[in-house]
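Here is the structure we will look at, set down as structure tokens.
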Amino acid sequence: MPSTSLALTPGLGSFLQCLKTNPIDTSIETLISLLKRRQIRHSRSCATATACLLRGVITSCRTNDSAKLIERVQNVGRRLMAAQPREMVVGNIVRRVLGLIRDEAEDDREAEFSLSEVGSESQPQTPRAYDDPSLPLDRDSPSLRDDRTPRPPLTSMFSLLSQPEPENSLPSTPGSQSPGGRLFSHGSTKDVRSEVIEGIKEIIDELGQVDDQIAAYALDHIHSNEIILTHTSSTTVQKFLLKAAAKRKFTVIHAESFPNNHDAVHATVSGAAKNEDENLGVEAFQKPLIEHGITVILIPDSAVFAMMSRVNKVILGTHSVLANGGLVAAAGTRIIARAAKVHQTPVVVVSGVYKLSPVYPFDFDSLIEYGDPSKVLAYEDGDLVDQIDVQNPIYDYVPAELVDLYITNLGGHAPSYLYRIVSDHYRKEDISF
Amino acid sequence: MATTTSGTTAADAEPFDIVATYNELLRSDPDLTMPIAAIEALVLLLTQSVSSTISETMDLLEKSTAHLKKSIPNPIGLSAGTDLFQRYLITTLQRPGLLGPAGDFKAIRTHLLTNGRLFIRRAKESRHKIADFGRGFIRDGSTILTNGGSRVVAALLQKAADEEGGPSAVRFRVIYVLSSTAQDCDHPNEEPEGMETVRALREKGVPVSTIPESAVAYSLGKADMVIVGAEGVVENGGIVSRMGTYQIGILAKAIGKPFYVVAESHKFVRLYPLGQYDLPIKQRVIEFKSAEDIAEESKQDSPATSSSGDDQIELPLCHSVDFTPPHLISALITDSGVLTPSAVSEELIKIWF
């Protein structure tokens with residue numbers, strides 16, 4: 001959205017304003033319509049908006065019952081994801097918040113367990129079930145103890161041989177409730193809600209710092225006199241290059257990424273960058289690369305292959321990263337990655353962990369979004385518009401084998417290692433909620 | 001422990017034969033996988049034994065496992081089961097809690113002995129879990145190339161074709177590669193394996209084409225993806241599977257079609273083969289013969305069975321396997337999710353270290 005950065009334009013700024021003044025349900029509706037109309041578009045803006053909205057949702061939920069919190073967040077999350085299924089970061093943030101709630105609930109349960117353990121040792125005759133009115137009293141004590149034991153994380157391979165699930169041994173328990181759900185539903189000692197809000201605040205902080213954290217790795221990857229090729233006006237890439245530019249001299253070849261991002265690229269290169277990313281404050285005043293004495297060469301996208309033989313490294317930003325190591329990035333990225341492969345040039349993708357999605361790309365075509373065709377062929381060319389079909393895909397799917405290295409705020413990873421980061425950040429039960 | 005004592009008396013009469021038990025288990029239930037049969041055999045062994053200490057039990061397990069592995073021509077699949085069982089015992093015993101060192105050894109014994117059926121049921125359920133994960137891979141209008149007689153692949157394809165499996169049945173087509181060598185050597189006139197799945201799929205209205213192995217390269221152009229099963233998934237993420245899988249993998253890579261493997265996570269085995277000829281099995285696939293050798297062989301009539309007792313038993317040609325290296329595999333669809341080949345080693349590390 002190049003020409004619409006007025007204060008009144010609907011976007012992240014207006015949404016955050018709305019969140020402050022309006023009731024939460026209105027804000028949910030606002031974000032849904034913003035997403036639907038693509039008035040909020042950058043990955044980070046979407047992520048920030050989602051995180052802020054969920055913070056509001058949790059705040060307005062007057063309960064400490066984690067099961068209910070999870071249900072509420074799932075509900076809101078489903079609606080947001082349905083509004084814009086291709087904006088993967090929305091789902092990622094929702095999943096992380098769900099994971100936060102689950103973690104808190106489990107911590108709670110463990111604390112409770114150790115308390116009741118102490119109690120039962122002092123009075124060994126008292127069945128522990130009396131401590132908890134919600135548990136049926138007619139259970140035999142060993143199964144009760146199994147149920148309560150904080151099990152060390154059972155690996156999936158052992159789960160085959162592990163103890164039977166408590167439900168199997170206890171037909172008296174209502175079937176729909178899992179033992180976990182029952183346990184974190186009763187009066188907890190800790191304020192789950194405030195802990196979760198604290199956690200969301202950390203996510204929001206992370207979103208703000210992620211570019212700087214990634215840029216910290218720049219000097220390991222960019223060396224003196226190298227020729228770097230990049231594409232689109234990604235702030236993450238710009239910061240990465242700027243960080244290296246402070247210490248080293250190198251050359252940047254910038255593909256202009258016509259027609260969706262070329263204005264922004266021109267602005268970035270010339271240093272006339274407008275406040276493109278709505279939530280940027282200080283960054284907007286940053287000096288462009290040229291002022292650091294870096295040679296910047298602007299090329300049309302069609303010249304990428306011709307230039308590739310001279311390039312030492314390709315550094316790309318991305319829209320989202322998928323669980324198999326593939327990525328969805330601005331149109332034109334795949335050509336660049338493919339050209340780099342042909343020339344055996346290393347391809348480095350810089351991306352915040354928040355863009356890493358646990359979604360497996362079953363159907364690549366469905367991930368590609370199509371944009372405004374008038375950017376390719378303006379409506380002024382009326383005659384042509386009637387006669388030909390104009391398409392403007394915004395994204396490309398780049399398969400994992402074309403990428404050599406991912407740099408996230410956690411460090412550098414091989415594409416085959418991304419599954420591990422996915423499993424660290426999202427809980428299995430939230431992957432498809 | 002009434003069952004144990006009665007078991008002991010039975011054991012006195014006739015020593016427990018783990019190999020026979022294993023084979024019997026596999027024969028009696030065609031749905032049983034090799035690792036699970038091995039686990040079951042070990043559970044039955046424990047039922048029969050009188051061991052009451054940990055080290056005695058471990059020793060017994062180790063000896064029986066070694067014996068079992070030596071007596072079965074292809075121990076790759078079953079060693080996944082025996083390893084898992086052994087590691088489970090050791091980790092449970094080290095872990096604090098009821099079943100841990102402070103607890104009663106009998107408790108874990110009883111748990112294992114009483115839940116044998118449960119393990120089998122879970123193993124079968126994991127097949128359905130995989131089918132649920134894998135359903136997303138099969139899209140409307142896609143064509144899937146598959147081979148062999150894998151039960152997981154069959155479950156996955158049938159689930160996708162089922163109306164009840166999801167919102168609606170997927171309309172897809174299947175190219176089924178029928179192996180010429182994999183015909184049952186005991187019944188040479190029987191239909192090749194996989195025909196049962198082919199029939200079941202056709203029954204459900206899925207158009208199936210059967211092709212010989214030699215037509216794989218020709219047919220791959222019409223396929224959107226390859227889905228195969230596996231006998232064992234090795235540490236580097238490669239798979240040990242029915243002979244012919246490797247070449248399908250190579251062809252799929254060359255033509256640029258995704259190659260997916262469906263396997264239960266109990267098939268992960270701690271093995272690191274460096275190539276085709278590095279598998280711990282003996283199979284006579286390549287055999288060089290001159291006219292003289294053939295003449296000599298026909299004179300002897302029966303093939304020389306002068307193998308010494310220490311040697312691995314030879315795998316009959318109809319059950320021969322090959323190794324598909326990880327770089328040919330796009331993803332592994334397991335009951336713990338869709339994994340990249342490199343994730344396999346991590347799952348294994350989790351149980352071993």
Single unsatisfied condition, residue B:263 versus (1) under 24 Å from residue B:155 (Cβ atoms); (2) more than 18 Å from the chain's Cα centre (by Cα); (3) of a type in the set (Gly, Ala, Ser); (4) at pLDDT 90 or above: (2)
Just checking, which of A:389, A:396, A:383 is in the same structural domain as residue A:253 (by TED's automatic domain parsing) and under 30 Å from residue A:93 (Cα atoms)? A:396
Somewhere in segment A:355-368, is a residue without any contact (Cβ under 8 Å) to a residue 12 or more places away in the chain, within 29 Å of residue B:140 (Cα to Cα) and hydrophobic (A, V, I, L, M, F, W, C)? yes
Filtered residues of segment B:134-143 (kept if in contact with a Leu (Cβ under 8 Å, 6 or more places away or on another chain) and more than 22 Å from residue B:240 (Cβ to Cβ)): B:135, B:138
Here the residues within segment B:231-256 that are touching a residue at least 40 places away in the same chain (Cβ under 8 Å), farther than 22 Å from residue B:318 by Cβ and not hydrophobic (A, V, I, L, M, F, W, C) are B:235, B:236, B:237, B:238, B:253
Looking only at segment A:43-60, decide whether some residue is out of contact with any helix residue (DSSP H, G or I) (no Cβ under 6 Å at 6 or more places or on another chain), surrounded by fewer than 17 Cβ atoms within 10 Å (Cβ to Cβ) and outside the structural domain of residue A:323 (by TED's automatic domain parsing). yes
Just to be sure I understand, how many residues within segment A:19-38 are surrounded by fewer than 17 Cβ atoms within 10 Å (Cβ to Cβ) and not β-branched (Val, Ile, Thr)? 9
Could you check residue A:393 against (1) surrounded by 16 or more Cβ atoms within 10 Å (Cβ to Cβ); (2) within 25 Å of residue A:45 (Cβ to Cβ); (3) away from every other protein chain (no Cβ under 14 Å) and say which number it fails? (1)
For segment B:333-353, name all the residues that are facing chain A (nearest Cβ under 7 Å) and among the aliphatic types (A, V, I, L, M). B:338, B:339, B:343, B:351
Within segment A:349-366, is even one residue under 28 Å from residue B:224 (Cα atoms), within 14 Å of chain B (Cβ to nearest Cβ), more than 17 Å from the chain's Cα centre (by Cα) and aromatic (Phe, Trp, Tyr)? yes
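The values are calculated or read from the model by the stated rules, or taken from the named source; none is laboratory data. Source: prediction; values computed, not measured. Don't worry about glycine lacking a Cβ; one is built from the backbone with ideal geometry, like all the others, and counts go over all protein chains shown.
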